[in-house]
Structure formats: structure tokens, C-alpha cells
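Reviewing the structure listed below.
The values are calculated or read from the model by the stated rules, or taken from the named source; none is laboratory data. Fair warning: this is a prediction, and the values are worked out from it, not measured in the lab. Heads up, the Cβs are rebuilt from the backbone with ideal geometry, glycines too, and the neighbour counts pull from every protein chain shown.
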Amino acid sequence: MGRKRAQSPPRQAAPTEDEGAGSSSQQPVEPPKEPTPPVRVIYCDVCSFPLEYCEFGSSFTRCKESLKESNEELYNKYYSDEALQSKIGTLSLEAQKKLEKDAAKKEAKAEAKADAALKKKLASQVTIKRIERTKRKHVTAIHGLEAFSIDLKKAAKQLAGRFATGASVTKNAQGLDEIVVQGDVSDEILEILEKGEGVLKGVPIDNVQVVEDKKKKTEG
Amino acid sequence: MFKKFVPSTDIAGHTPVKTSVQRQIRANVLSQWKIEPETLEAIWPKKEGLVHVKCREHVSIYTVNSEPIFFQHFDGPFYPTLRLLHKYPYILPKVQVDRGAIRFLLAGAHMMCPGLTSAGGYLPPAEEAIPAERMVAIHAEGKEHAVGVGITKLSTEDMKKINKGVGVETATYLGDDLWAIQTL
Ligand SMILES: [Zn+2]
């Protein structure tokens with residue numbers, strides 16, 4: 001579907017820039033220009049910033065350590081005494097001190113936050129609940145997975161596929177999201193979590209609890 | 001624009017852009033950036049479809065091969081993403097803030113004139129002045145690579161003269177939620 005530009009007159013008088021200079025005697029085709037190659041910026045493995053900006057991130061200590069290990073030459077480029085001297089630039093000594101203090105504060109804060117998040121994660125429980133619908137029919141409800149950064153929709157899909165049954169994400173009575181799978185599959189789900197199959201990974205098995213929810217008292 | 005941006009809730013949907021519209025966008029990008037057509041072709045090949053990722057508050061991100069390459073607010077200019085600007089730093093005129101302003105920029109602040117006019121800042125000389133409402137690459141004192149992309153609120157000559165208030169409005173900056181998105 002190439003348009004035959006050469007033969008047909010141009011459809012619109014597109015003003016090309018080199019037209020203004022010489023009017024009639026133009027070489028029709030210039031050799032195609034090469035695209036400019038992109039600049040390759042090296043980004044930090046830890047904070048994703050260009051290396052020179054690590055000092056403004058919230059993981060400066062780790063950034064530095066990681067770079068020292070992986071690339072000594074670059075490390076010296078950014079963190080040798082000379083480099084440190086020159087980067088202060090026009091900033092006053094006082095302002096530089098403040099900046100360093102701020103950076104340290106930011107880092108401590110980020111660490112504390114990560115720590116708290118980890119603790120919370122380790123403390124959260126996942127429950128697999130077998131719920132009796134009728135004498136023979138059960139559903140299995142799982143909740144608490146989101147604390148382990150598991151995508152509930154994906155997890156439901158995985159389970160539905162695995163057991164060839166229905167599985168959905170719904171809100172329970174407390175307004176919390178849970179996955180409801182048709183049928184009694186609590187033991188199988190426990191096993192899947194233990195193995196960490198598919199998206200259902202990263203849950204310490206000690207944090208998983210299997211409970212039963214029966215309509216009537218357990219029969220003798 | 002991307003200070004608090006959560007892809008799972010702030011994105012309304014992905015739509016491939018019609019060829020005719022793509023042609024128009026390409027022409028606009030070519031006129032708004034200082035880029036050679038063949039380089040743009042390397043970034044965004046004609047045979048590769050552009051995808052419009054519609055976001056909240058009239059923000060549009062455009063991707064090629066699921067990599068965000070530029071974005072737009074309402075029908076404003078097409079801002080290159082910072083990652084793209086890092087690859088092709090010459091496509092936008094450059095301004096620079098002093099070292100003291102960097103941490104404010106990284107917190108999402110707009111850039112005040114004094115941070116641009118101080119000894120560590122940089123604005124082009126009068127003969128290369130940048131008018132108001134133009135996209136600029138925001139560089140930082142002592143750093144090689146750009147730290148943000150913004151739009152001038154005053155002409156650079158006015159920034160020097162008035163030296164007060166916001167000089168450059170920040171559209172995207174290092175470490176914002178757009179930076180975090182490598183593929184969409
Ligand atoms: Zn880093």
C-alpha cells in the first residue's frame with residue numbers, strides 16, 4: 001500500500017524545510033539519515049535512580065554498598081573524596097550538612113517503614129474456612145492473602161482452573177475481600193500454599209489456619 | 001501529575017490509537033520536540049501501534065510495546081517520559097536548578113525562579129530565551145542527567161527579571177509514580 005510519491009504530484013503542498021533555500025535545482029532524494037543512538041544511562045540496582053541521584057533516594061547506604069560490590073570504578077567516580085568535594089557545588093557547607101542530615105532521616109524513616117511492613121506481614125494470618133452449605137455441599141473461603149501481596153483475582157482464577165470449579169473474589173461480612181471456591185478444597189489449598197504454587201506464594205505455612213464452619217453440631 | 005498515581009485504580013483502560021490519529025500525534029511530537037524523524041521512528045516505529053492508556057483526571061499515557069514514551073494532560077503538549085528523555089536528552093531545551101532545589105523537586109514541587117537563577121542554576125542566554133508554556137528538561141547542578149520534565153510558566157527572560165514564584169511547573173520527576181512504571 002505504498003503511496004507512489006514519485007509519480008503522482010504531492011497531495012498536499014507540504015512545506016519541506018529545505019525548499020526555501022534553493023527553489024528549482026534540488027536533488028530529489030537524500031540518503032536516509034540514521035537515527036541518533038540513545039544515551040545509555042546507568043541506573044541503580046537498588047533505588048532505580050541514575051547513580052548520581054542515589055544520594056537523594058531513601059536507600060543511600062544500601063545503594064553505595066551495592067555499587068561498591070558490583071562496580072568499583074563507578075563507585076570511585078561518584079564517591080571518591082574528590083567527587084564528594086566537587087558535587088557540593090555552590091551549596092553552602094551549612095546547607096550541605098542539612099541535606100545530609102535530611103537524607104539520613106529519610107533513610108531511617110524508609111527502613112522503619114519497611115521493617116513495620118515486614119512485621120505486619122509476618123503477623124498476619126491466612127484462614128482457610130470450610131463452610132457447610134448443605135449436608136453435602138461446601139464452599140471454601142480464604143482470606144488474608146492480600147497481606148502477602150497476592151493478587152486475589154489472579155489467585156481465584158488459578159484455583160478455579162486447578163479445581164475445575166467456580167472461584168470468585170467477594171467481600172465477607174466484615175467487608176474484607178476473600179476468595180470463595182466452590183467445593184471442599186481446604187486441604188488442597190493448604191498444600192498449594194505450602195508449595196507456593198503459581199501466584200499463591202510467599203505465605204509462611206505457620207500463618208495459615210484451617211477452620212470449619214458448620215451449620216449443625218458435629219455429628220457424634 | 002504522577003505524585004500519587006496507582007496504576008490499578010487510576011487507569012481507565014488501554015486503547016490502540018487509530019492510524020489517522022497516530023499520524024497527527026506523530027506530527028505534533030515532531031513539532032514539539034527537537035527530534036529527527038528517523039530517531040522518532042526508531043523509538044516509535046510506524047508499524048508499531050501506539051496505545052493510549054487513559055488515566056484519571058484527563059491524563060493520557062502513550063505506550064509503544066507497552067513502554068510509556070510520552071504523556072499528555074488534557075490536550076496539552078506531549079511530554080516525553082523521563083526515561084525517554086534520558087536516552088535522548090537533546091529533544092527538549094534545558095534549564096537547571098541548583099543543588100538546594102533538588103530535594104524539593106524530588107518531593108514533587110514546582111521549580112521556583114530563585115532556584116533557576118542562582119549560581120548553581122542555569123537559564124539559557126537572552127538570544128536563546130525560552131518562551132512561557134514550553135516543555136523543558138529540568139537538569140540539576142552537578143548532575144549529568146535530567147531530573148524532571150516540566151513546562152515554563154514564564155519566559156526564561158522573565159524568570160531572570162521577576163525572580164519570584166513558580167518558574168517551571170513539574171510534570172514528571174525522578175522517583176514519581178510514572179518513573180516506577182516501566183511497562184504498562
Ligand atoms: Zn541507588
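Results, tabulated for the structure shown:
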{"read-out": "Unique residue being more than 16 Å from the ligand (Cβ to nearest atom), surrounded by fewer than 15 Cβ atoms within 10 Å (Cβ to Cβ) and under 22 Å from the mean Cα position of the chain (by Cα) when the list is A:Lys109, A:Lys135", "value": "A:Lys109"}
{"read-out": "A:Leu67 being at pLDDT 80 or above and either within 16 Å of the ligand (Cβ to nearest atom) or over 34 Å from the mean Cα position of the chain (by Cα) (or both)", "value": "yes"}
{"read-out": "Residue within the range A:85-93 that is assigned to a helix (DSSP H, G or I) and either within 16 Å of the ligand (Cβ to nearest atom) or under 26 Å from the mean Cα position of the chain (by Cα) (or both) present", "value": "yes"}
{"read-out": "Scan of the range A:80-138 for residues that are of a type in the set (A, V, I, L, M, F, W, C) and in contact with a helix residue (DSSP H, G or I) (Cβ under 9 Å, 6 or more places away or on another chain), ordered by number", "value": "A:Ala83, A:Leu84, A:Ile88, A:Leu91, A:Ala95, A:Leu99, A:Ala103, A:Ala104, A:Leu122, A:Ala123, A:Val126, A:Ile128"}
{"read-out": "Subset of the range B:103-118 [surrounded by fewer than 23 Cβ atoms within 10 Å (Cβ to Cβ), within 14 Å of another protein chain (Cβ to nearest Cβ) and out of contact with any Asp or Glu (no Cβ under 7 Å at 6 or more places or on another chain)]", "value": "B:Phe104, B:Leu106, B:Ala107, B:Ala109, B:Pro114, B:Thr117"}
{"read-out": "Any hit, the range A:141-154, residues being in a helix (DSSP H, G or I), loosely packed, with under 12 Cβ neighbours inside 10 Å and among the aliphatic types (A, V, I, L, M)", "value": "no"}
{"read-out": "The lone exception for A:Ser58 - which of (1) modelled with pLDDT of 85 or more; (2) part of a helix (DSSP H, G or I) it fails", "value": "(2)"}
{"read-out": "Test: residue in the range B:69-88 that is among the basic types (Lys, Arg) and more than 9 Å from every other protein chain (Cβ to nearest Cβ)", "value": "no"}
